[in-house]
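Asker: One structure, pasted below without further comment.
Please treat every number below as a calculation from the coordinates, not as lab data. Everything numeric in this text was worked out from a predicted model, so none of it was measured. Backbone-built Cβ (ideal geometry, glycine too); neighbour counts: all protein chains shown.
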Amino acid sequence: MIDDATRTELEAAAFRRLLAHLDSRKDVQNIDLMNLAGFCRNCLAKWYAAAAAEHGHTLSQDESREIVYGMPYPEWKAKHQV
């Protein structure tokens, strides 16, 4: 059985790996993710902000998107969105 602290560490590592994977696949558009998986990078940013709020932290939409996208969203959009 995995203890709670280890489970949290593993979940965080998996999340970081998911972000790295999405970062390596900038060719995959959010609409493609939504159509195939039912979530996209923006969903992850919203979930991240919601989790922060549940723990008493406030993140703006721009701040949470920058965490997920690895750069300000308008910059990512200009570089990678079709």
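Asker: Kindly provide the set of residues from the range 16-32 that are among the aliphatic types (A, V, I, L, M) and under 12 Å from the mean Cα position of the chain (by Cα), ordered by number.
Answerer: So the first thing to find is which residues in the range 16-32 are among the aliphatic types (A, V, I, L, M), and the list is 18-20, 22, 28, 31.
Scanning the range 16-32 gives L18, L19, A20, L22.
Asker: For the range 50-76, what are the residues that are more than 15 Å from the chain's Cα centre (by Cα) and either within 20 Å of K26 (Cα to Cα) or among the hydroxyl-bearing types (S, T, Y) (or both)?
Answerer: T58, P74, E75
Asker: I'd like the residue in the range 1-33 that is of a type in the set (A, V, I, L, M) and surrounded by 14 or more Cβ atoms within 10 Å (Cβ to Cβ) and, out of all such residues, is nearest to K77 (Cα to Cα). Show your work before the answer.
Answerer: Restricting attention to the range 1-33, the residues satisfying the condition of being of a type in the set (A, V, I, L, M) are 1-2, 5, 10, 12-14, 18-20, 22, 28, 31, 33.
Still in the list and also surrounded by 14 or more Cβ atoms within 10 Å (Cβ to Cβ): 19, 22, 28, 33.
On the way: L19: 16, L22: 14, V28: 12, L33: 15 Å.
That would be V28.
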